[in-house]
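Each reported figure results from applying straightforward, stated rules to the coordinates on display, with no laboratory input. From a predicted model like this one, the values you see are computed outputs, not experimental measurements. Quick reminder, even Gly has a Cβ in these numbers, built from the backbone with ideal geometry, and neighbours come from all protein chains shown.
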Amino acid sequence: MAERTSLIVFTSNATHAVLDSLATAYERESAHRVTVQSDSASVMLARIRGGDTADAAVLNAADIEDLAQRGKLARCRPFARSRIGFAVRAGTAHPDISSVEALKRALLEARSIAHTVHGASGKLVPGLLEKLGIAREIVAVTRPGGLIGTVVAAGEAAVAIQQISELLAVPGIEVVGPLPDEVQTVLESAAGVFVTSGNADIAESMLRFFTAPAAAAVLREKGLELVSDPA
């Protein structure tokens, strides 16, 4: 019987749920054990730059490239695409957000919006409100990071804007859909093996499993798109 190896994967909140699902499937196929550790993207990146290490990491593609250039990661590969979405509290009406004008009306009617300060969506929202000319008319409820949908589920804001994969991970809210293409941000993540891993070959095999065509359906269920997905 092959020796059972324990692997640790570092990731951000945006890809935690999908990696948990993929890790469970990989454990069944390989008999190895996988633990997924997540934090906000900026915190996890700072941890790795500060010396924290694991067997593999799945983060924003630019951050994976940076860590590879710093000599911390190798055997890197593309992983997934993510879009920014709009969510409301479960059971409330779903507004029309199919166009920029419709989105503007929905935000004005909502009056309050939850978003993070850090991360891709956190940087997007203030600029979006300015672009729409409604920044002074909207109450922003912010958190440094984490799953911002919890704020809407608790009734502290009417809508949340964050990566769809993060919104889907929050009970008590419903994703209305992605932001219109004109104001959308498409983010790409990538994966790499830590050069300090004592299980580098097994970690690379795990990442091949995570990025194989068979993983595409799991990613779609979690609000993501496999970069190599032919669909």
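Annotations for the structure displayed:
- Whole-angstrom gap from the stretch 7-36 to the stretch 68-90, using each part's C-alpha centre: 15 Å
- Rg/Rh ratio calculated on Cα atoms of the stretch 82-183 (Kirkwood radius): 0.91
- The residues packed around Glu65, meaning those with a beta-carbon under 14 Å from its beta-carbon, carry a net charge of +2 if Lys and Arg are +1 and Asp and Glu are -1.
- Under 28 Å from the Cα of Lys104 - lysines, other chains or at least 8 residues apart: Lys123, Lys131, Lys222
- A Cβ-based charge dipole, computed about the Cα centre of the chain with Lys and Arg at +1 and Asp and Glu at -1, lands at about 280 debye.
- Computed lengthening from Val186 to Ser6, 0.36 nm per intervening residue step minus Cα-Cα distance: 61.5 nm
- Ascending count of other beta-carbon atoms within 10 Å, so fewest first, for Ile161, Ile134, Ile202: Ile134, Ile202, Ile161
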